[in-house]
Structures are given as structure tokens and as C-alpha cells.
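Below: the structure, in C-alpha cells.
The values are calculated or read from the model by the stated rules, or taken from the named source; none is laboratory data. What you see is a predicted model, and the numbers here were worked out from it, not measured in a lab. In this analysis, Cβ positions are derived from the backbone assuming ideal geometry, glycine residues included, and neighbour counts consider all displayed protein chains.
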Amino acid sequence: AKRLNRDTISFFKSDMTRKMMRRLELEGDLRRAIESDELAVHYQPKAEIATGEIYGMEALVRWFHPTRGLVPPDEFIPLAEEIGMIVPIGEWVLRTACRDAVELRRRGMPLHLSVNLSMRQFREVDLVERIASIIKETGLQPAALELELTESILMTEAASAIAALNEIKGLGVSLSIDDFGTGYSSLSYLTKLPIDILKIDRSFIQHCGHDGNSATVVSAIINLAAQLGHIVVAEGVETVAQLAFLRERNCSRIQGYLIGKPVPIETFVAQLERWRKI
Ligand code: C2E
Ligand code: CA
Ligand code: CA
Ligand code: CA
């Protein structure tokens, strides 16, 4: 029994060591990822339910590691946030996405662009100046830009957040709450903050067909958004049944694999015409 124990312990130890080694390695690699040209921005379409039109796209960062291949954002974004690399990465994503959106507009496809903003970026004192200078430098129309925030930003820093959010709004940019419904928020911040859009988290959408509680939550969020004068976007729509459910409840916009997965900008352009016919 003793022997078994020792083996078990050393197994866990080596498993932990492996994880720590991977993390350390990834951390070093991530610090070089921008200069090494390993990051890319992919775009996922957003559609208006009533017209079927693709009105916009969300920018999603991708990391192509030279030996590990594609590292999922759910693995490297939290790491980038921890080590502060999300600040230059987020800025690089914003600049790249604004350039691509301007280029699309030039080619006759004036789409709305949304970009994720991490909590860590939000704490930078010069965030608003940086956003303003990227808008100026790329020539994007501010009204075409939306920044997606998570509820955690609104929760933990509610007092100081209001001023910063108002400043960003002052640039002419719109603001959305991402993954709405998954935070631990009291809903009171919704009445205090200059938010334009609520994005219903994909977990509710994916269960709304077979789980009464999820369906109730989705309906409630749609109604809440309408009452507050916010636009609502359903995330992670994968099936025609989910689309029908959302249409019936007057949800205005959707995003999800049913419309399209995130793809490089060239692929996005090539697929725009096909998407427009949905
Ligand atoms: P998110 O902002 O909630 O983005 C939506 C995620 O859901 C994306 O995953 C997208 O590919 C995925 N998705 C969209 N539609 C569907 C669907 O119908 N079914 C399923 N199963 N998934 C769908 P992705 O690209 O892996 O990104 C994961 C998360 O990483 C993002 O979640 C966001 O929190 C973060 N992230 C990605 N890019 C950036 C970035 O540039 N900056 C920051 N701060 N975070 C980012
Ligand atoms: Ca998002
Ligand atoms: Ca989301
Ligand atoms: Ca998410």
C-alpha cells in the first residue's frame, strides 16, 4: 500500500510539474508572440434576425504557436491577463481589426466591428487615449466600433468604471456586456452604466430548446433589454430551432455557428455573399 501511495504522489507531482512547465513555456512564448507574428485576428459574423443581413463581426484573436499549433484563447487569454501581456495584445487586436474594418468599408462592405476588452486593459490609465489614437490612426468611424466588456468589469470597479465608460462612449463608440447572465451581478448597475448592448451568454442559448429554465432566462433577458432600451444579441446560436425560438421572442440579433464560425478576413469577405442569402 505504501508503495502504491508513493507512486500516486509522484504521479500527481509529475502531472503538476508538467502543467507548470507548459505554463512557463507558454508564458515566455507569449511575450514574443506579437513580434514573432504568431497572432492573427479572425472574424465571426453577426446577423440581424428580421432581415437576415450580416450587419457586423466580432474580432477574435488566434495564436498559432510555432510548435504547439493553435493555442485556444481560453488557455492563453487568462495567462495574458495574469502577466499583463493582454494590454499590448488587446491593443494589437484593436488596431488590426480597425484596419480590416476600414478596408472592408473601402471595398463596399461597411460592417459594424466589435472587439473584446479585458478587465486588465480597463485598469490602464491611458486606455481612452489609446483607443482614441487607434481610431484616429486607422480612420475607422467611431460609430462602427463596439467594445465588449464582461460583467466582472462592471461589478468589481463599478464606482470608477462609470467615468471611464462614459469617456469611451464620448468617443462615439458603443459598449456591450459580454456573456450576460453568467456574472454574479446585481442588476442595479444596468441602470447606472452607459451600456448599449447585452449579449446573452451561449450557455443559455444552447439549452433553451430542452431546458425550461434556460428558456425563461433567455426570454427575461430579451424583455429586460427591451425595457432598458438596449439592443440584445444572442451568442452561440447553432440550430434553426434556437433561431426560431429567438425570433419568436423578438430577439433582434444573433451570432453563432449557424451563421458562421470565426474565420480570417479573406475567408470572411469570400463568404459574405453566401451569408447574405440566409
Ligand atoms: P467570447 O468573447 O464570448 O467569444 C465568443 C466565443 O464563442 C468564441 O470563442 C467563438 O468562437 C465561440 N462561439 C461563437 N459561436 C459559437 C457557437 O455557435 N458554438 C460554440 N460552441 N462556440 C461559439 P473563442 O474565439 O475561442 O474565444 C474564447 C474567448 O476568448 C472569448 O469569448 C473571449 O472571452 C476571449 N477572447 C478572444 N479574443 C479575444 C481578444 O482579442 N481579447 C480579449 N480580451 N479576449 C478575447
Ligand atoms: Ca465577446
Ligand atoms: Ca461572449
Ligand atoms: Ca465567453
Per-region count, the stretch 215-257, residues over 21 Å from the mean Cα position of the chain (by Cα), of a type in the set (D, E, K, R) and either surrounded by fewer than 16 Cβ atoms within 10 Å (Cβ to Cβ) or part of a helix (DSSP H, G or I) (or both): 2
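Run down S214, S188 and say which single residue is under 17 Å from G229 (Cβ atoms) and either more than 15 Å from ligand 4 (Cβ to nearest atom) or at pLDDT 95 or above (or both).
Numbers: S214 fails: under 17 Å from G229 (Cβ atoms).
Within the list S214, S188, the selection yields S188.
Of everything in the stretch 185-214, what is part of a helix (DSSP H, G or I) and either away from ligand 2 (no atom under 16 Å from the Cβ) or not small (G, A, S) (or both)? Give them in sequence order.
As a first pass, look at the stretch 185-214 and keep what is part of a helix (DSSP H, G or I): 189-192, 202-207, 212-214.
Residues satisfying the conditions are Y189, L190, T191, K192, R202, F204, I205, Q206, H207, G212, N213, S214.
I want to confirm something. Restricting to the stretch 168-184 and keeping residues that are in a loop (DSSP other than H, G, I, E, B) and not hydrophobic (A, V, I, L, M, F, W, C), which single residue is surrounded by the most Cβ atoms within 10 Å (Cβ to Cβ)? So that I can check it myself, show each step before the final result.
Here is the first cut: in the stretch 168-184, the residues in a loop (DSSP other than H, G, I, E, B) are 171-173, 181-184.
When the remaining residues are screened for being not hydrophobic (A, V, I, L, M, F, W, C), the result is 172, 181-184.
Details: G172: 13, G181: 19, T182: 15, G183: 17, Y184: 7.
Step by step, filter the stretch 168-184, then rank; the result is G181.
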Quickly run through the stretch 263-272 and pick out the residues that are surrounded by fewer than 20 Cβ atoms within 10 Å (Cβ to Cβ) and outside any strand (DSSP E or B). P264, E266, T267, V269, A270, Q271, L272
If you take the residues in the stretch 37-66 that are of a type in the set (G, A, S) and in contact (Cβ under 8 Å) with a residue 60 or more places away in the chain, which one is nearest to ligand 2 (Cβ to nearest atom)? G56
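Is it fair to say I221 is within 30 Å of K136 (Cβ to Cβ), within 16 Å of ligand 1 (Cβ to nearest atom) and in contact (Cβ under 8 Å) with a residue 12 or more places away in the chain? Even if it seems obvious, please write down each step before you answer.
Working: within 30 Å of K136 (Cβ to Cβ): no; within 16 Å of ligand 1 (Cβ to nearest atom): yes; in contact (Cβ under 8 Å) with a residue 12 or more places away in the chain: yes.
No.
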Cβ-Cβ distance below 7 Å, separation of 6 or more or different chains: which pairs start in the stretch 108-128 with a residue that is in a helix (DSSP H, G or I) and end on one that is among the hydrophobic types (A, V, I, L, M, F, W, C) and within 13 Å of ligand 1 (Cβ to nearest atom)? M119/I153; R120/I86; R120/V87; Q121/I86; Q121/V87; Q121/L127; F122/I153
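Sort out for me the strands (runs of 3 or more DSSP E) sitting completely within the stretch 1-99 that have 3 or more residues that are modelled with pLDDT of 95 or more and in contact with a strand residue (DSSP E or B) (Cβ under 6 Å, 6 or more places away or on another chain).
39-48, 54-65
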Which members of the stretch 40-59 meet the condition of being near ligand 1 (Cβ under 9 Å from one of its atoms) and either crowded, with 20+ Cβ neighbours inside 10 Å or over 15 Å from Q271 (Cα atoms) (or both)? V41, Q44, E58, A59
